[in-house]
Amino acid sequence: MEEKKFDPYQFIGFILIALILTWMLYRNGPAEDAATESVNSEQVLQKNANTVPPIQQNDSVIQQQTITAYGDLGSLFVPTNQKPIKLTTDQMTLELNSKGGQLSKLTLNSYQNFEDAPIPMINEGNTDFNIEITTLDGRILNTRDMFFTSSTQDGAEAFEVEMKAALSAQQYILFQYRFPKEGHLYSFSVKTVGMRSVINPSIAPNIVWKTDVFRNSRSIDYENRYTEYTFGYEEDRVDYLSLNGSDQETRQSIRWISYRQHFFSAILIPESPIAEAKISSVDRSSEESLNEKYTKTFATTYALNAGGELDTNLKFYYGPTDYKSLKQLDGDLETSIPMGWGIFG
């Protein structure tokens, strides 16, 4: 039998292989851990970034950008930090916001919707009333973005509210509201003081009145059949936009505009006929994303008189679509209610 001999070369080979494997484990292991840790760190950072409330951040940035962009007019857009004005009359609950100087809430106290809540005519940002003003250097000022200071007088027959967006004590935009403690009709006026050096007299300011009409009945389809943009024009004529789909027109000599629902109406009544207005109606009842919240969207845009300072008076009716109630008011608002067809059509 041949005796086995020790092979030093084989032994050295085993040692080298072991050293190489050890070096590879040492080299690769920490790199993978570091890569994993890097990925985890990025995920944590991304998660933390996602938790930053973007809306608040954006609102603050946009607000500051607006103030900066308007320069000498920036004070119109500085928040006043005033709380909303809350008023209650016999028929309505009202809330006016310092931003935009407009109504942010109007509910009819004597009536309830299918959820047993007071009828919401204005609420949750469904209505926008804005005046677009062009400056001498071509900038567009929107009252919806301005901040107003307010004062309220509680009179025996009515609440009177003044809301002012000011550049100085001698230069300002003034909104005046008068809400009678009885009834569904209120008055609104807009005036400017000392703004001739700001407003372009050759470009008429525009009023924009837009409303998403709330669903108030259990059957949205049935209610939607009677929700219609109605307007009076010329001396005694009345017309409507389409009940279905989308419809828009440009019409002249408008006496009043009614955003008529089945049982309730919002009616704008200008002091003098509107020379020309762009009017539109969009059916929203079948939009799944709205979850049957609105029936239609109505919008109106028309120009005020050009010439520098503003001085415009309007009236608004927010109340039941009731023939007798509307008949008692000035004008022919009762004709906004369709009375059916005669036997000859």
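Taking the criterion of being at positive phi and small (Gly, Ala, Ser), would at least one residue in the stretch 155-162 satisfy it?
no
Could you tell me which residue of the stretch 132-161 is nearest to GLY101 (Cα to Cα), considering only residues that are over 22 Å from the mean Cα position of the chain (by Cα) and of a type in the set (Asp, Glu)?
Checking each candidate, the answer is GLU160.
Would you confirm whether or not the stretch 257-264 contains a residue that is within 17 Å of ARG237 (Cβ to Cβ), in a helix (DSSP H, G or I) and in contact with a Phe, Trp or Tyr (Cβ under 8 Å, 6 or more places away or on another chain)?
Looking for residues that are within 17 Å of ARG237 (Cβ to Cβ), in a helix (DSSP H, G or I) and in contact with a Phe, Trp or Tyr (Cβ under 8 Å, 6 or more places away or on another chain), one finds none in the stretch 257-264, hence no.
Hey, ARG144 hits all of (1) more than 24 Å from SER280 (Cα to Cα); (2) not in a strand (DSSP E or B) but one; which does it fall short on?
The one condition ARG144 does not meet is (1).
How many of the residues in the stretch 162-186 are under 25 Å from THR89 (Cα atoms) and under 22 Å from the mean Cα position of the chain (by Cα)? Give the steps one after another, and end with the answer.
Step one: of the stretch 162-186, the residues under 25 Å from THR89 (Cα atoms) are 162-164, 174-186.
If we keep only those that are under 22 Å from the mean Cα position of the chain (by Cα) too, we end up with 162-164, 174-177, 186.
Within the stretch 162-186, residues that are under 25 Å from THR89 (Cα atoms) and under 22 Å from the mean Cα position of the chain (by Cα) number 8.
Can you find, within the stretch 307-345, the residue that is modelled with the highest pLDDT among those that are among the small types (Gly, Ala, Ser) and surrounded by fewer than 19 Cβ atoms within 10 Å (Cβ to Cβ)? Give the steps one after another, and end with the answer.
Of the stretch 307-345, the ones among the small types (Gly, Ala, Ser) are 307-308, 319, 325, 331, 336, 340, 342, 345.
Checking which are surrounded by fewer than 19 Cβ atoms within 10 Å (Cβ to Cβ) leaves us with 307-308, 325, 331, 340, 342, 345.
Numbers: GLY307: 79, GLY308: 81, SER325: 92, GLY331: 88, GLY340: 56, GLY342: 36, GLY345: 34.
Filtering the stretch 307-345 for residues that are among the small types (Gly, Ala, Ser) and surrounded by fewer than 19 Cβ atoms within 10 Å (Cβ to Cβ), the one modelled with the highest pLDDT comes out as SER325.
Every residue in the stretch 294-306 that is in contact with a Pro (Cβ under 9 Å, 6 or more places away or on another chain), part of a strand (DSSP E or B) and crowded, with 17+ Cβ neighbours inside 10 Å, please.
Listed by number, the list holds a single entry, TYR302.
Answer yes if at least one residue in the stretch 103-111 is farther than 25 Å from PRO205 by Cβ, modelled with pLDDT under 95 and not hydroxyl-bearing (Ser, Thr, Tyr), and no otherwise.
yes
Condition first: within 28 Å of ILE203 (Cβ to Cβ) and touching a Gly at 6+ places or on another chain (Cβ under 8 Å). Can you find one or more residues in the stretch 263-278 that meet it?
yes
Conditions tested, residue by residue: (1) of a type in the set (Ser, Thr, Tyr); (2) under 17 Å from THR127 (Cβ atoms); (3) free of Cβ contacts under 8 Å to residues at least 40 places away in the same chain.
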{"site": "GLN261", "(1), (2), (3)": "no, yes, no"}
{"site": "SER265", "(1), (2), (3)": "yes, yes, no"}
{"site": "PRO270", "(1), (2), (3)": "no, no, no"}
{"site": "GLU288", "(1), (2), (3)": "no, no, yes"}
{"site": "TYR294", "(1), (2), (3)": "yes, yes, no"}
{"site": "THR300", "(1), (2), (3)": "yes, yes, no"}
{"site": "PHE316", "(1), (2), (3)": "no, yes, no"}
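Say we look at the stretch 187-244 and pick out the residues that are more than 26 Å from the chain's Cα centre (by Cα) and among the aromatic types (Phe, Trp, Tyr); which of these is surrounded by the most Cβ atoms within 10 Å (Cβ to Cβ)?
TYR233
So, in the stretch 89-137, how many residues would count as being touching a residue at least 12 places away in the same chain (Cβ under 8 Å) and either outside any strand (DSSP E or B) or surrounded by fewer than 14 Cβ atoms within 10 Å (Cβ to Cβ) (or both)?
16
The values are calculated or read from the model by the stated rules, or taken from the named source; none is laboratory data. Everything numeric here is computed off the predicted structure, so don't read it as measured data. With ideal geometry, Cβ positions are generated from the backbone for all residues, glycine too; neighbour counts draw on all protein chains shown.
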